[in-house]
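Colleague: Before I ask anything, let me first share the structure, which is written out below as structure tokens.
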Amino acid sequence: MKKRGRANVSQKLNNVLYFLSGVMSVVIVIILVIGVQTKAQNTQPSDYPDTDGQPVEETAQETTAVEKWQEGTIVYGDRYYRYNSRLKTYLFMGIDTNEAVYNMDTKDTGYQSDAIFLIVADSMNQKLSVITINRNTMTEIERFTGNGVSMGKANSQICVQHAYGDGKKLSCTRVETAIANLFYNIPIHGYFSMNMGAIPGMNDAVGGVTVDVMDDLDYADKGVSLKAGETVNLNGAEAYCYLRGRDINDFDSATERLRRQEQYISAFLAKLKQCDDRKTALTEVYSAISDYTVTDVDFTKLMDTLLNFDYSEDDMYTVPGESQVGSDGHEEFYVDEEAFYDLIIRIFYEEVDAR
């Protein structure tokens, strides 16, 4: 794992001010997490963490990077930890377009991944964790020309990385690489992306989702008027606005929207748990969004154990940090490295006896 602290931002790219959500597809990713066998991971972690000291024990020279994550023991504070090898981690992306998925003509004009989540599944403890990532998080991304030639790396909002690709697999794998780098090269075992145009259909496939409205949202052109404090079973148009809408003139509105997205995840899961026939409900959900999705995980197996993994609002985490206004006037989110490192240890590691 990299040492704490990152290079100062030397270059800032534009931050698209459109709305995004698609967050409800986190549930779909969870389907993948629980019962689907995935491909061998693409990301090869370069090392295990270097915290307050060097790793206590080195693995054999021929051991692969992934095995290092599984075998290396680290010291954090005055305690010893090992990477939890039972975990499977999946990346979810909500893409800023209403269109169905298609191949982009150039490799530098794609849409941004404004909703970004990691789904972490612990098969031993039957437990799920969700980590939300602010779309304005400043980190290293790789830029490309329209012909796909690398222009090198730069620090920018993480959401921009998806735009440097084909809008499909290439875009997704580049985001996967950037997220793995942000998370100190934690292994990521698969990805799932969904374009925002799928929001209404997915919401309505389960008969709507009930929330206690967190913010006033008025979109006359869509016939939507939601008031803070109301309890509403969202229809498709309302869910679209609730998960996507924000006031771009309001500082840190992306964070406010992220709170609504987190709320929706829990409410959506609760709704699925209430379904008498979960397999049918989940099949209908996937049917409603399939044209809008890109994934490298086999989605053909919708399994009975989907919602048997424990999950509650207490299992929802957010990458810690704070938003600032950049020199170009756009918002930038800077990670609190110490708190972030603590979060990684808590979710991805297990305490072990000292050796």
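Colleague: Say whether the condition of being more than 14 Å from the chain's Cα centre (by Cα) and of a type in the set (D, E, K, R) is met by at least one residue in region 168-185. Write out each step before concluding.
Modeller: Narrowing region 168-185 to residues more than 14 Å from the chain's Cα centre (by Cα): 168-171, 184-185.
Adding the requirement that they be of a type in the set (D, E, K, R) leaves 168-169.
Yes, region 168-185 contains a residue that is more than 14 Å from the chain's Cα centre (by Cα) and of a type in the set (D, E, K, R).
Colleague: Based on this model, can you work out whether A198 counts as of a type in the set (A, V, I, L, M, F, W, C), within 17 Å of G94 (Cα to Cα) and touching a residue at least 24 places away in the same chain (Cβ under 8 Å)?
Modeller: Numbers: of a type in the set (A, V, I, L, M, F, W, C): yes; within 17 Å of G94 (Cα to Cα): yes; touching a residue at least 24 places away in the same chain (Cβ under 8 Å): yes.
Taking the combined requirement at face value, the residue satisfies it.
Let's see how each residue does on (1) modelled with pLDDT of 90 or more; (2) closer than 30 Å to C159 by Cα:
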residue: G53; (1), (2): no, no
residue: I95; (1), (2): yes, yes
residue: D105; (1), (2): no, yes
residue: D108; (1), (2): no, yes
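Residues checked against (1) hydrophobic (A, V, I, L, M, F, W, C); (2) closer than 25 Å to F333 by Cβ; (3) touching a residue at least 12 places away in the same chain (Cβ under 8 Å); (4) open to solvent by less than 10 Å² (accessible area, probe 1.4 Å):
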| site | (1), (2), (3), (4) |
| --- | --- |
| D96 | no, yes, yes, no |
| A100 | yes, no, yes, no |
| F117 | yes, yes, yes, yes |
| M124 | yes, no, yes, no |
| K127 | no, no, yes, no |
| M138 | yes, yes, yes, no |
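Colleague: A further question follows. For residues that are part of a strand (DSSP E or B) and either free of Cβ contacts under 8 Å to residues at least 60 places away in the same chain or buried (at least 20 other Cβ atoms within 10 Å of the Cβ) (or both), tally how many sit in region 144-170. Break it down into steps so the answer makes sense when it comes.
Modeller: We begin by selecting, within region 144-170, every residue part of a strand (DSSP E or B); these are 144, 150-157.
With the extra rule that they be either free of Cβ contacts under 8 Å to residues at least 60 places away in the same chain or buried (at least 20 other Cβ atoms within 10 Å of the Cβ) (or both), the set shrinks to 144, 150-153, 156-157.
Number of matching residues: 7.
Colleague: Still on this structure, I have one more. Between residues in region 277-291 that are within 12 Å of D204 (Cα to Cα) and residues that are in a helix (DSSP H, G or I), which pairs lie under 6 Å by C-beta distance while being six or more apart or on different chains?
Modeller: Going by the 6 Å Cβ cut-off, the qualifying pairs are E284/A205; V285/M202; V285/A205; A288/G201; A288/M202; A288/A205; I289/A198; I289/M202.
Colleague: I'd like to check something: does region 178-187 contain any residue that is at positive phi, open to solvent by less than 10 Å² (accessible area, probe 1.4 Å) and either assigned to a loop (DSSP other than H, G, I, E, B) or polar (S, T, N, Q) (or both)? Break it down stepwise before answering.
Modeller: If we filter region 178-187 for residues that are at positive phi, which is where we start, we get 184-185.
Filter again for open to solvent by less than 10 Å² (accessible area, probe 1.4 Å), leaving 184.
Restricting the remaining residues to those that are either assigned to a loop (DSSP other than H, G, I, E, B) or polar (S, T, N, Q) (or both) gives 184.
For region 178-187, residues at positive phi, open to solvent by less than 10 Å² (accessible area, probe 1.4 Å) and either assigned to a loop (DSSP other than H, G, I, E, B) or polar (S, T, N, Q) (or both): present.
Colleague: Scan region 261-278 for residues that are of a type outside the set (D, E) and open to solvent by 40 Å² or more (accessible area, probe 1.4 Å) and jot them down. Lay out the reasoning, then the answer.
Modeller: If we filter region 261-278 for residues that are of a type outside the set (D, E), which is where we start, we get 261, 263-275, 278.
Of everything in region 261-278, those that are of a type outside the set (D, E) and open to solvent by 40 Å² or more (accessible area, probe 1.4 Å) turn out to be Q263, A270, K271, K273, Q274, R278.
The values are calculated or read from the model by the stated rules, or taken from the named source; none is laboratory data. A quick note: this is a predicted structure, and the numbers were derived from the prediction, not measured. For neighbour counting, all protein chains shown are included, and Cβ atoms are generated from backbone atoms with ideal geometry for every residue, glycine included. Areas reflect the complete protein model, heavy atoms only, side chains present, ligands, DNA and RNA absent. Shrake-Rupley method; radii C 1.70, N 1.55, O 1.52, S 1.80 Å.
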